[in-house]
Amino acid sequence: MTIGTVVVIVLILVVAGLAIGAVGAYNSLIRLRNLVQEAWRQIDVELTRRHDLIGNLVETVKGYAAHERGTLEDVMRARSAAMVPNQSPAQQAESENILSQALGRLIAVAEAYPDLKANENFMALQAELTSTEDRIASARRYYNATVRDLNTKVETVPTNLIAGMFSIERAEYFESVGEQREVPRVDFGQRDATIPPPESYRGSEPPARPSPDPTEPPSA
């Protein structure tokens, strides 16, 4: 076997190895992209259910608190915005978070109506909505995990070369939906207004209480 033949064989093996590696990289990218799309479809199913439940919840509240028109209209307006089709994950997340805020105000209004809070349909809808929020959170975690895996492949060598050749792009993450931040707690305790709270002098001695005014008579 001549040297030329050996060189040709080596070149063929190298090219074959590169081709096999490229095919493997391409297949892994397509698999991840399909997983991302499948995960997003699952989120979409749960969001559709969420929108239906919120619509039913609004109708139930309307029967007891029809004069809370502004709050009810805010929820329905936010619901309509969230139901606009073909939104990107980032746009959908923003719409859903606005809807969550409006829904939170509606639930707060419902607290003022004991008959509404005791209504079986209202309680069942709340329970279903809570269960749906949990499923959305679970689907979101899975979706974001697949997005992370895809984006890592798209951004790292050598799969980024294959991704560029076949226009396989990064996917968007889907941020939290329906998870309300804790309401700031207000302290209505009778704290002496002349003494700042402990947090303000952490790491140092608290200031001394002001001396009584000598012109005032002593308290009984």
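The values are calculated or read from the model by the stated rules, or taken from the named source; none is laboratory data. A quick note: this is a predicted structure, and the numbers were derived from the prediction, not measured. Counting neighbours? That spans all protein chains shown, and the Cβs are built from the backbone with ideal geometry, glycine included.
When you scan region 155-163, do you find a residue that is at pLDDT 95 or above and surrounded by 13 or more Cβ atoms within 10 Å (Cβ to Cβ), even just one?
Checking region 155-163: not a single residue is at pLDDT 95 or above and surrounded by 13 or more Cβ atoms within 10 Å (Cβ to Cβ).
Pick out the one residue from Val23, Val15 that is surrounded by 11 or more Cβ atoms within 10 Å (Cβ to Cβ) and not aromatic (Phe, Trp, Tyr).
After applying the criteria, what remains is Val23.
Considering only residues that are surrounded by fewer than 18 Cβ atoms within 10 Å (Cβ to Cβ) and under 16 Å from the mean Cα position of the chain (by Cα), look in region 145-154 and name the one that is nearest to Thr48 (Cα to Cα).
Ala145
Out of everything in region 116-141 that is within 16 Å of the chain's Cα centre (by Cα) and of a type in the set (Gly, Ala, Ser), what residue ends up being surrounded by the most Cβ atoms within 10 Å (Cβ to Cβ)?
Among those residues, the one meeting the criterion is Ala139.
In a loop (DSSP other than H, G, I, E, B), at pLDDT below 95 and under 30 Å from Thr71 (Cβ atoms), is that true of Glu175?
yes
Among the listed residues Ala112, Ala102, identify the single one that is out of contact with any strand residue (DSSP E or B) (no Cβ under 7 Å at 6 or more places or on another chain), farther than 30 Å from Asn27 by Cβ and either surrounded by fewer than 18 Cβ atoms within 10 Å (Cβ to Cβ) or of a type in the set (Phe, Trp, Tyr) (or both).
The unique qualifying residue is Ala112.
Please find, within region 59-92, the residue that is surrounded by the most Cβ atoms within 10 Å (Cβ to Cβ) out of those that are at pLDDT below 95, under 18 Å from Leu129 (Cβ atoms) and among the aliphatic types (A, V, I, L, M).
Residue satisfying both the conditions and the ranking: Val61.
If you go through region 7-37, how many residues are at pLDDT 90 or above, in contact with a Leu (Cβ under 9 Å, 6 or more places away or on another chain) and not β-branched (Val, Ile, Thr)?
Qualifying residue count, region 7-37: 5.
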